Every structure is written in structure tokens, then in C-alpha cells.
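No value in this document is a laboratory result; all are computed from the given coordinates. Predicted model only: the values in this text are computed from it and were never measured. Because the Cβ atoms are built from the backbone with ideal geometry, glycine has one as well, and the counts that use them run over all protein chains shown.
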Amino acid sequence: MPISARRAAVAALTVVATALAGCSSVRTHPDAKGSSAHTGAPAPSSTSSPSASGPGGSIPAGPGPQPAYTVQPQPSPGSCHVRHTAGKQPLPDPKCTPGATNPKVTAATLKTTICRSGYTKGIRPPVNITSREKKANAASYGYTGPLHDAEYDHLISLQLGGDPNDPRNLWVEPPSPGHRPGAGPNNPKDVVENRLKAAICSGKTELAKTQEAIAHDWTTAESVLGLKQ
């Protein structure tokens, strides 16, 4: 074969080899992109997961008011631990008592729920239910003082849209500093809750933000919400 013909043949083979290599790279590239896209597919579900939480954002939603309440199981004895503020006010264990919201109470239903007189009275569990829960929860928190002086407290109170009987929203709150033994529950948290409810119903603060603030620390809730004068 003449030299010029051989050179032409070699050049042709080189072009074919290059084309085949290019085809091979094109076939494998979509697989790599597809794999990457598949790996990233779960991302939308993770970003949408907060929507499953209750009206209070990260606070879980409870079952809400029930036509008939039943005694709810409590955390294991000794598994919960009371915390205290700098002022020695008792706070619950966030792992045991993170709070739970009443799904019936939303920004759109305020006028027919917590801002309506008598609403909380109609959804409060009866004493024959809460008294048994209170005793069991005292064991959960290792509380050994007189139960008469401890309040079985809704972390997010009913008037702030807390769930009536979700065990995540109730705990045996020990007496505050200065409490007189035998005087029964008389916690300053109740006064703060009253003011916060008035602020919600007058439009001075938002329901969800108030629930988050009270669940975190009732002693700082008003300051956090800009209501403290």
C-alpha cells in the first residue's frame, strides 16, 4: 500500500477510536448525574418535615380536647429531672415535658377558642383523671414533697393553646421559692400566663411565638416577646 494510503487509513482509524471513546463517555455521564440526582432526592422531604409539627413550630401537636379523657402513661420513675432558673424557679425536663399544643387553637380560631370566655373550662380534664396522672408524674420527676403543694401544671397552659391531656404538656411543678408549706399551689407562672393570654387576644403578640416562649422558660417569656416593661 502506498505511504499516502497508509497515512489516510491510520487517520481514519484514529477518528473512529476518538468517536467511540466519546460515545462511551456520554453513556456513562448520565448514569453519574442520575446517581447524584437520586442521592439528592430525599432533600425535599427533609425540608418539608417541619410542617408535621404543631402550631408552635417545633412544639409537637397533641390530640386536642376529647369527649372523654383517659389516664395517660407517664415517663418512667426517676427518668425526668427538674431544672431551675437563676432565680430558683423550677422548670421541667425538656426531654420529658417539651410541651404540646392544642390543634384546635390556631391564629384563625382565637375568637372561638382561647379568647372566648369559658373555653378552657370546657376542655379541662376531670380531677379523677389528672390526680392519677399527677401521682405517676411525681414519680417520673422524683418529687417526694407534698402533692398538695405541687401543681400538675400545663407547661403551655390551656389559655395559651396547650393540649389538655398530652403527657408531654403536663408535669408536677414543685413550689416556687417563698412558698408557704401547706398553702397549696400558688405559682407566679399563672400570673404570667394570664398576661400572655391578654396579649394574644389583643393582638400584641402571636400565638405560636408565645407558645414557644412559655415552653422554653416562663420567667423570660414576656421579655423575649417584647412585652416586659
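In whole Å, what are the extents of the range 92-178 along the principal axes defined by its C-alpha atoms, from largest to smallest?
Principal axes ranked by extent give 42, 27, 26 Å for the Cα atoms.
Convert 37 °C to kelvin, take the viscosity as 0.692 mPa s, use the Kirkwood radius over C-alpha pairs of the range 58-224 as Rh, and evaluate the Stokes-Einstein diffusion coefficient in µm²/s, rounded to a whole number.
Details: Rh = 16.0 Å.
Once the numbers are plugged in, D ends up at 205 µm²/s.
Between Gln66 and Thr144, take the C-beta separation as r, use R0 = 45 Å, and let me know the FRET efficiency to the nearest 0.05.
On the way: r = 31 Å, r/R0 = 0.69.
It comes to 0.90.
Whole-Hz ³J(HN,Hα) for each residue in the range 119-130, computed from phi via Karplus 6.51 cos²θ - 1.76 cosθ + 1.60 with θ = phi - 60°, x for glycine and proline: what do you get?
Rounded to whole hertz, the list is 4, 5, 4, x, 10, 6, x, x, 4, 5, 8, 5.
Taking the Cα centre of each part, how many Å lie between the range 196-229 and the range 86-101?
Going from one Cα centre to the other spans 16 Å.
With Cβ to Cβ distances under 14 Å as the rule, what net charge do the other residues near Leu170 carry (K, R +1; D, E -1)? Could the numbers behind the result be given before it?
Numbers: positive: Arg124, Arg132, Lys134, Lys135, Arg168, Lys189; negative: Asp93, Glu133, Glu151, Asp153, Asp163, Asp166, Glu173.
Cβ neighbours under 14 Å give a net charge of -1.
Going by average Cβ density within 10 Å per residue, which order do the peptides 66-77, 131-142, 204-215 take, highest to lowest? Mind showing how you got there, number by number?
Working: 66-77: 13.1, 131-142: 18.4, 204-215: 21.0.
By packing density, highest mean first, the sequence is 204-215, 131-142, 66-77.
Hey, can you grab everything whose amide H is under 5 Å from the amide H of Ala61? Only 5+ residues off in sequence or another chain; H modelled, so Pro and N-termini drop out.
Gly54, Thr101
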